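Accompanying notes for the structure given below.
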């Protein structure tokens with residue numbers, strides 16, 4: 001083999017080596033970077049609050065660190081937005097169709113991948129609909145725990161939905177006609193048997209305990225029921241006449257014990273939200289869940305503690 005052929009073979013081997021990518025998973029929500037000496041290809045799946053799903057998806061190609069091309073769905077825009085509200089809380093419903101700025105539309109986005117805000121409800125309660133530019137044709141319920149649609153009849157008008165008499169966490173699918181075409185809206189609701197108004201339990205703020213990172217609440221059970229509760233809670237902010245969920249700045253996990261609260265008993269619960277919600281300023285409320293046993297079933301309901309920082 002002469003010297004020229006040897007140089008060519010070595011050059012080809014080096015070139016092939018320069019094309020072999022090394023995969024690297026990025027800490028941005030799930031993007032994967034395939035990095036070689038000559039190029040870098042990134043399969044994008046990163047957290048992005050501007051996206052309706054909470055994630056930005058797409059791809060990007062760079063050769064010798066120069067941008068060559070790519071595509072991202074962060075520029076998608078929702079065809080229309082509707083709101084779901086109770087007497088005191090409002091959330092947005094996600095639509096099942098998205099359109100890129102250049103006019104290309106994607107249908108059948110997996111609704112289970114949405115980052116849902118949750119609106120609490122109870123049996124035969126009205127969830128009001130705002131900004132619906134069309135007519136509702138049907139309503140379906142998706143059981144979030146069983147991961148299946150239910151054969152459950154849901155009463156509705158174009159102004160409100162009446163929640164059925166079933167307990168649990170559900171995704172509600174609204175099938176509607178919008179500008180002459182079919183469109184589906186989705187939102188999540190937590191349905192309980194009661195709204196808890198008739199359960200005489202009081203949440204009070206302990207004197208001098210409130211800071212911008214936490215508080216201590218006093219829970220008094222003046223009802224005729226033995227209650228249970230856990231460590232979970234959420235925070236809502238009062239904006240524009242309605243309560244809106246505060247999105248956590250960090251994912252945080254709760255221990256899952258069940259604490260008892262006997263009739264006439266009072267307990268103190270200390271909450272530090274700095275890691276999950278940061279330092280707060282404004283008007284807020286703690287959403288705290290309680291339950292009691294009714295025959296063979298547990299009835300879940302929420303109580304609220306308002307505070308202002």
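Just so it is clear, none of the values below were taken in a lab; they were calculated from the coordinates. Please read these numbers as outputs of a predicted model, since none were measured by experiment. Cβ: placed from backbone, ideal geometry, glycine included. Neighbour counts: every protein chain shown.
Within the listed set 143, 294, 155, the Gaussian network model of the chain (springs between alpha-carbon atoms below 10 Å) gives the highest mean-square fluctuation for 294. Each principal axis of the Cα atoms in the chain has its own extent, and those three values, largest first, are 97, 52, 39 angstrom. Alpha-carbon geometry of region 201-308: the Rg and the Dmax are 14.4, 43 Å, given in that order.
The relative contact order of the chain, computed from alpha carbon pairs under 8 Å that lie at least 6 residues apart in sequence, is 11 percent. Compute the angle between helix 3-19 and the longest alpha-carbon principal axis of the chain, please, reported from 0 to 90 degrees and rounded to the nearest 10. Here the helix axis deviates by roughly 10 degrees. Highest mean packing comes first when the peptides 228-238, 14-24 are listed by Cβ atoms within 10 Å, giving 228-238, 14-24.
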